[in-house]
Amino acid sequence: MMIQDLSKLLPIAEGGEGIIYEYGHSVIKIYKPCVNISSKQKKVQLLIQKTLPPQVICPIEEVFDSKKNFIGYLMNRACGEEFRKLSNKKFTTSNHISIQDILRMLIQTKDILKKLHSQDIYIGDLNDRNILFDQYFNLYFIDCDSWAIESEKCMVAQDLFCDPMLQENYFNEETDIYAYCILSWKALTRIHPFGGVLPDDMNITERMKKGISVINNTSVKIPRTVRNWKNFSPAFLAAMKNVFENKTRKIGTELEDMLANLKFCKIHSEYYYGEYMTCPLCDTNAKILIKPVSQGVMEGLKLTEVLNGEDIETVLNEFSYINKNQYVVDLRSGRKEQFVSGKRYYFTLKGIPVIEETERFIIRSSLLSGREDFVFEKKYKSVIIVEQDVIYYLNKQNSLCAVTVLEKGNSVKKIEPCSNTAYYHVEGEQYCVLNIYRQKWILSFCGYHYEIEHKDAVINYGIHYDSVSDSWLIVTENQANCFRTLIVNKSGVLIDTDKIKYQCPLNHLCLSNHIIFIPADGKIRGYAYKKDMFKDFICDIVDSDSKLIKRGKRFVIINNENIYYLY
């Protein structure tokens, strides 16, 4: 097929090699000039000729420009969550994704890999971002034009999934098995097999080379949010240990066996391998996970539980939670909205529900004046932020917009244009946008713009505002698990370092009065960047998955099971 004018197509996503455009019910990938276009065309042609599993989102047709030059390909559209979401406790809990569901998807993934390998196809860059799943646990394999297909090589691989035994770019069945085992372990336990913290602070990629995994390794400090693997089958643990530490690249039917023999422990609300006589977590000789309990006073600070824990299924954010009857409850107004898996829920200050989906969000305007609900389209998979009665979002034309919810209708305004790949945050009336370009970033906040050199891909980020110093904290993570920490204000860039490491979600940090506060197991770690000093505040209910918010002298601590005030 031929495309005469790309400017008439709507871009929905951008990667290192190309830009994805809407095309009816399908999408088109157009390659960037930096790509070896002849090699890509040959690979696309090979993929079109293959009979691939239906879960593979593969090229359907080549795409040419008006001069008949190959520029990309047409493919089906895949909507779903990235596999990495299975490592998020709040996501799996709120969406009722059990270990059984995860095991079934992993087994299906392994079966698809076998079918690809039988056709001399190796993924190479297999990781938890290029496999998607929907609410029915259907799988979608994306980015197949980077795979190794017959004589055409895979040229890239994410560091945290790349086999340390890989020779040059000769990806094969064994390198795929290694990446698959990392994918499996991470989805089942919520931690990378070489994650956690070692006393000598060795990084993940170095530990991968030396085979220093978390399995049976008492030297590695493990976050409390991790699912205990003591209740997994011994055969599965042995197979993973052999792959990660003993340089074998073989797996059998360990996952199938574990799925077929699961039992449920009512005490821990967790499945365990049924061949054990009793739940390993209940065994008196095993280490038992103890749920954090309020201690009253910690280091002179008062700790208070905000919610009645008996009605809570999962806390979503500072203002809402899912109750035992599967309703999302707004703490400020008391209003409820039926929870549906795969959607995100917010409430305005006046208690109007806002439901976020993949490409749109809905304002329940029927609660205002009996009118029909309002529906707004947004950029694919981008987040919305609800501040008071204003909803911020990125539209499909790559602009940051704001919708003010009014009694007599909604007021919409564009705040500023953004790049194809952009991340943002809003607190109060302050906003900050991180625009990602190929060789640079442009930070934009309230009329100020800073250009910063940066070449690495951003796979994770957190943006936070400090009203005391009128500064922004921007933390990003690249594919090699390296972090970059920036603090900026109207005077310029105050801090730019890669020396700070984080074990928590980057959107769970907070910045207040020139101090970065980081949640960790049993403590809040404060980093005073002006003095380059760390200080720990002991707080047993905090773990690495806690979200921190600073309100004056008070911390708001949001855990999966409750909200706490520490002051």
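Rolling a 1.4 angstrom probe over the chain with all protein chains present gives an accessible area of which 49% lies on carbon and sulfur atoms. Sparsely packed loop sites in segment 16-101 (the trypsin sites (Lys or Arg not before Pro) outside DSSP H, G, I, E and B with at most 13 other Cβ atoms within 10 Å) comprise Lys67, Lys68. Between amide H atoms placed 1.01 Å from N, distances below 5 Å from Val63 occur with Ile71, Gly72, Tyr73, Leu74, all of them 5 or more places distant or on a separate chain. The equivalent ellipsoid of segment 140-290 has semi-axes of 31, 19, 13 Å, largest first, where each one is the square root of 5 times an eigenvalue of the Cα gyration tensor. For segment 327-482, the solvent-accessible area of protein heavy atoms averages 45 Å² per residue (probe radius 1.4 Å; ligands and nucleic acids excluded). For segment 191-252, chymotrypsin sites (Phe, Trp or Tyr not before Pro) are listed when DSSP marks them as loop and at most 15 other Cβ atoms sit within 10 Å of their Cβ; the list is empty. When the P(r) of the chain is calculated, the portion above 44 Å amounts to 18% of the C-alpha pairs. For segment 395-474, what class follows from the C-alpha gyration tensor (a ≥ b ≥ c being the square roots of its eigenvalues): rounded when a/c is under 1.5, otherwise prolate if a/b is larger than b/c, else oblate? Here segment 395-474 falls in the oblate category.
Assuming a ≥ b ≥ c are the square roots of the Cα gyration tensor eigenvalues, decide whether segment 207-277 counts as rounded (a/c under 1.5), prolate (otherwise, with a/b larger than b/c) or oblate. Since a/c reaches 1.5 but b/c is at least a/b, the shape of segment 207-277 is classed as oblate.
P(r) tail for segment 7-163: Cα pairs beyond 19 Å make up 57% of the total.
Among residues other than Lys523 whose Cβ falls under 9 Å from its Cβ, what is the net charge (Lys/Arg +1, Asp/Glu -1)? For residues surrounding Lys523, the net value is -2. Would you mind counting up the charge near Phe70? Only other residues with Cβ under 9 Å from its Cβ, with Lys and Arg at +1 and Asp and Glu at -1. Neighbourhood net charge equals 0. Oblate is the label for segment 466-567, because a/c, from the alpha-carbon gyration tensor with a ≥ b ≥ c as root eigenvalues, is 1.5 or above and a/b does not exceed b/c. The antiparallel fraction among DSSP beta bridges confined to segment 1-92 stands at about 95%.
For segment 38-197, the solvent-accessible area of protein heavy atoms averages 39 Å² per residue (probe radius 1.4 Å; ligands and nucleic acids excluded).
For segment 498-534, trypsin sites (Lys or Arg not before Pro) are listed when DSSP marks them as loop and at most 15 other Cβ atoms sit within 10 Å of their Cβ; the list is Lys499, Lys501, Lys530, Lys531. Of the Cα atoms belonging to segment 15-80, the radius of gyration and Dmax stand at 11.8, 35 Å. Remark on Thr421: its backbone amide H falls under 5 Å from those of Ile436, a criterion applied only to residues 5 or more positions apart or on other chains, H modelled at 1.01 Å from N. Ellipticity at 222 nm from helices only: DSSP H runs of n ≥ 4 in the chain, each -39500 (n - 2.57), divided by the residue count, give -4500 deg cm²/dmol.
Between beta-carbons, use under 11 Å as the cut-off and find the net charge around Ile123, counting Lys and Arg +1, Asp and Glu -1. Combined, the nearby Lys, Arg, Asp and Glu give -4.
For segment 315-416, what log10 I(q)/I(0) values come out of the Debye formula at q = 0.22, 0.23 1/Å, with one point per alpha carbon and no solvent? Taking Cα atoms of segment 315-416 as identical point scatterers yields -1.22, -1.31. Cross-linked pairs Lys381/Lys490; Lys378/Lys413; Lys85/Lys110: Cα-Cα separations exceed 22 Å for Lys381/Lys490.
The values are calculated or read from the model by the stated rules, or taken from the named source; none is laboratory data. None of the values given here were measured: they were computed from a predicted structure. Neighbour counts run over all protein chains shown; Cβ positions are idealised from the backbone, glycine included. All accessible areas refer to the heavy atoms of the entire protein, side chains included, with ligands and DNA or RNA removed. Shrake-Rupley method; radii C 1.70, N 1.55, O 1.52, S 1.80 Å.
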